[in-house]
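A quick write-up on the structure given underneath.
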Amino acid sequence: MTGKSLDDLEFAKVQTMISSFRLSEEGGEFLSSLPFATDIKELSRRQGYISRILGSFERDGVPALAHFPSIADVMDRLGEPTPSPDGPGLLDLARYLQSSEELFDYLLKDEEEALRELIGLGIDPALIALKEAILADLDESGSVRETHPRLQPLYRQLEQVRQKRASYCSSFIRDNRSSVQSDVEALRDGRLVIPIKDGYKHNVKGYISSVSSSGQTVFMEPFTLVDLNNSVLLANNRILVEIAKILQELALKAKQEEKLLHELRDTVGTADGYYALSRWAHEQRCTIVRLDSDEVRLLDARHPLLKQKAIPITIILEKGINGVVLSGPNAGGKTVTVKTFGLFALLNQYCGYLPVREGSALPLFDRVFTDIGDEQSIEKELSTFSGHMSRLAEILSHLTPNSLVILDELGSGTDPLEGSALAQAILSYSLKKSALTLVTSHHGVLKEYAYSKENIINAAMEFDEVSGKPTFRIVPNVIGQSHALVTAQAMGLPEEVLSEARELLGSDRIELSSILMRLEEERKRVEERSKALSKIESRWKEEYRKLDLKALTIKQQERQLKDEEIRTLARFTQKARQRLEQLVTDIREGELTGEKTKAVKTYLAELDRRVETEEAALEKTEEAFVHPTTFEVGMEVLCGPSKREGTIIKKEGRNRYLVAIGSMRMILKESDLYLPRNRDSTVKVSYTANARRAKQEIDVRGFTLEEALEAVEQNIEAALLNNLSTFGIIHGYGDGILSQGIGRLLKNHRSVVDYRFALPEDGGMGKTYVFL
């Protein structure tokens, strides 16, 4: 990727935006040195890291992690033969280690294997011990704590000497009130002195330290006070020496771990870099880009630098298309569109996440070339056109089969006839030598050229004829008009000038513009009809879903009825067997009496009554069905003992009919066909108590793929039975096995109308919404 192209596409600005989310200097260095990936495997690895960090954001929220202090100066000092970092520098080192620990703990708290691969096992125990040692010895300002065990006895000694000195000064002033100028001793250069009146200085045996500005007072140290001041200074020096030793010992401990510290800085840079990329992706509501598609699909792309002003653009290029001629009105968004595409191609190969709608896909390019803007150079004595030609010569000489080429206003700045011919030749060459070429132009020759080739398409920036303003929407396979006169009128040019321009333009050109306008109106009508047809298709899908549900509920009812019949028969058989065994036992024991005979006859009569009762119930049920006098083709009937719905297709001989039952066809006798009395009655289904209840949300995290798919299928069936039209599946991020497997199941399930990942605030790519 060339520097000129990066400047044209303003990649550095976006990189700065991403870098603003870093926590450390090392993270910024990682981001600035991160190369564009040209290998799918490498880019997928980056996507995996970001995906897992985003998963933590969605689940736990964005953490409030502390920023890392700079330790560059400390590391430089540790590199010296005799390290001499100061207290604040060592404290920064400890805080750096503490921030590292917090960042690693957050990234590894779910024990994600991919992130463990990124940052290893976390911070080394030796560095944790170094951090604890520094924090134990230093206070918040970076000074050695006064409570340090080695300093406490020294501070006590210092305090004792100070008290003795203060006591002597108080006693001297009290005993020599006539000689002293003040009742309070003074401090000069760290030593206590007695203020003596100038006339009494000869009465005091000691040294004169200084004289007041008026000359009325001399500050003296009596010989005894000299010794006491020296004692205080010596005690204080002993403390300073011990402090220096403690700092030196901490510095030596840090130097022993110098190699680990350098490795840690590298790991922090990588981890913080991916953390910053994830924060940016979360902030921009980015989605992962598909890398396995043969198509270009940039859906609702939002330029990150435009922020709230960004108008989403969509570019879809089918397999085999490697060129686009984008035309349309001035200030209609052509340049912004191609710059957005180029920038997103770079960002995709930088991190694999883009501010686009889910389902977007882009190929990988090994080079990105751009010619955008004014190439005029006074220093190089180049005009605008010469500047463009110089840039194009450089681009065309370095094209590769995997290059992306973006040429803005190709062929402009010179004679229109020669410029259009040159533009067509350049476009043709680029199409042969590169993977994808995007061109913006007003030249009709290029638009016609695009229509004549199968591997290149026209696209237009839409223009609202009513408001006279561009909509910034891309319309594929349409030639865009420049609308120069409309734009000039909107800018306030005199009507006289506009009228003359229309006359000079000629009737043929105006007629062509009218034809193009009518074609555009027809395109809009076709688009509206297409939307209407899509709505009708959606309604039919809903009807199909309802019919599918009806068939499923009937099947469920049949299964439940059969289960109930089997259970009833089993209970009856068990009771009958027990009663018969009792009767046989009674008959075998002793003589056959009239009473025993009566008991057997009574039981047989009970069986007869039970059979009569069941037959009566069956007859009552069958009263709902009736045989028509004659069956006709197309008639809806109920078939066989199970009364399954079917349609008569044709008559097959006497009293036999070919009937379609669902996807099956079979020949049935007339006696096996029934017609409901009430053809319009609504099917009612009762559910047994043990019917599965549908869940609004199921959690399959921790399941195997087979267990997860079974749980999803069961909930789909239960949802259909309970008239639940949507539910959620929490599958987490992981390695994507559950997410991909569930996606394949939902894609091929006939009862699933649609499915998609959840909103970022509801789980993002770790959760899927299902629509039935």
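Data overview
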{"read-out": "Residue in segment 62-73 that is over 25 Å from A254 (Cα atoms) and open to solvent by less than 30 Å² (accessible area, probe 1.4 Å) present", "value": "yes"}
{"read-out": "Count of residues meeting criterion [surrounded by 18 or more Cβ atoms within 10 Å (Cβ to Cβ) and closer than 10 Å to L247 by Cα] in segment 84-98", "value": "3"}
{"read-out": "Wholly enclosed strands (runs of 3 or more DSSP E) of segment 687-761 bearing at least 3 residues hydrophobic (A, V, I, L, M, F, W, C)", "value": "726-730"}
{"read-out": "Breaking point among (1) closer than 30 Å to A425 by Cα; (2) in contact (Cβ under 8 Å) with a residue 24 or more places away in the chain; (3) open to solvent by 10 Å² or more (accessible area, probe 1.4 Å), for E318", "value": "(2)"}
{"read-out": "Check on V193, in a helix (DSSP H, G or I) and touching a Ser or Thr at 6+ places or on another chain (Cβ under 9 Å)", "value": "no"}
{"read-out": "Residue selected from segment 22-43 under the condition closer than 22 Å to S403 by Cβ and of a type outside the set (D, E), by the criterion most open to solvent (accessible area, probe 1.4 Å)", "value": "K41"}
{"read-out": "So L305, is it buried (at least 16 other Cβ atoms within 10 Å of the Cβ) and either touching a residue at least 40 places away in the same chain (Cβ under 8 Å) or of a type in the set (G, A, S) (or both)", "value": "no"}
{"read-out": "Residues of segment 702-716 that turn out to be crowded, with 16+ Cβ neighbours inside 10 Å and either of a type in the set (D, E, K, R) or under 15 Å from D548 (Cβ atoms) (or both), as a count", "value": "1"}
{"read-out": "Matching residues, segment 375-398, being open to solvent by 80 Å² or more (accessible area, probe 1.4 Å), on the phi < 0 side of the Ramachandran plot and modelled with pLDDT under 55", "value": "Q376, I378, E379, K380"}
{"read-out": "Breaking point among (1) surrounded by 15 or more Cβ atoms within 10 Å (Cβ to Cβ); (2) in contact with a Gly (Cβ under 8 Å, 6 or more places away or on another chain); (3) assigned to a helix (DSSP H, G or I), for L233", "value": "(1)"}
{"read-out": "Subset of segment 722-742 [open to solvent by less than 60 Å² (accessible area, probe 1.4 Å) and within 15 Å of S51 (Cβ to Cβ)]", "value": "H731, G732, Y733, G734, G736, L738, S739"}
{"read-out": "Close pairs from segment 243-264: first closer than 19 Å to A136 by Cβ, partner exposed (fewer than 14 other Cβ atoms within 10 Å of the Cβ) and not charged (D, E, K, R), Cβ under 8 Å, at least 6 apart", "value": "Q248/S84; A251/S84; E257/A126"}
{"read-out": "Scope segment 236-290; condition in a loop (DSSP other than H, G, I, E, B) and open to solvent by less than 10 Å² (accessible area, probe 1.4 Å); matching residues", "value": "V289"}
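Every residue, every condition in (1) farther than 28 Å from R95 by Cβ; (2) open to solvent by less than 90 Å² (accessible area, probe 1.4 Å); (3) assigned to a helix (DSSP H, G or I), yes or no:
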| position | (1), (2), (3) |
| --- | --- |
| G122 | no, yes, no |
| A129 | no, yes, yes |
| Q157 | yes, yes, yes |
| A166 | yes, yes, yes |
| S171 | yes, yes, yes |
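Matching residues to (1) closer than 10 Å to L326 by Cα; (2) modelled with pLDDT under 80; (3) open to solvent by 40 Å² or more (accessible area, probe 1.4 Å); (4) under 41 Å from the mean Cα position of the chain (by Cα):
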position: L422; (1), (2), (3), (4): no, no, yes, no
position: N455; (1), (2), (3), (4): no, no, yes, yes
position: I474; (1), (2), (3), (4): yes, no, no, yes
position: L498; (1), (2), (3), (4): no, yes, no, no
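The values are calculated or read from the model by the stated rules, or taken from the named source; none is laboratory data. For clarity, every value in this text was computed on a predicted model and none was experimentally measured. Every residue, glycine among them, receives a Cβ derived from its backbone with ideal geometry; neighbour counts consider all protein chains shown. Note: areas computed on protein heavy atoms with side chains; ligands, DNA, RNA excluded. Shrake-Rupley method; radii C 1.70, N 1.55, O 1.52, S 1.80 Å.
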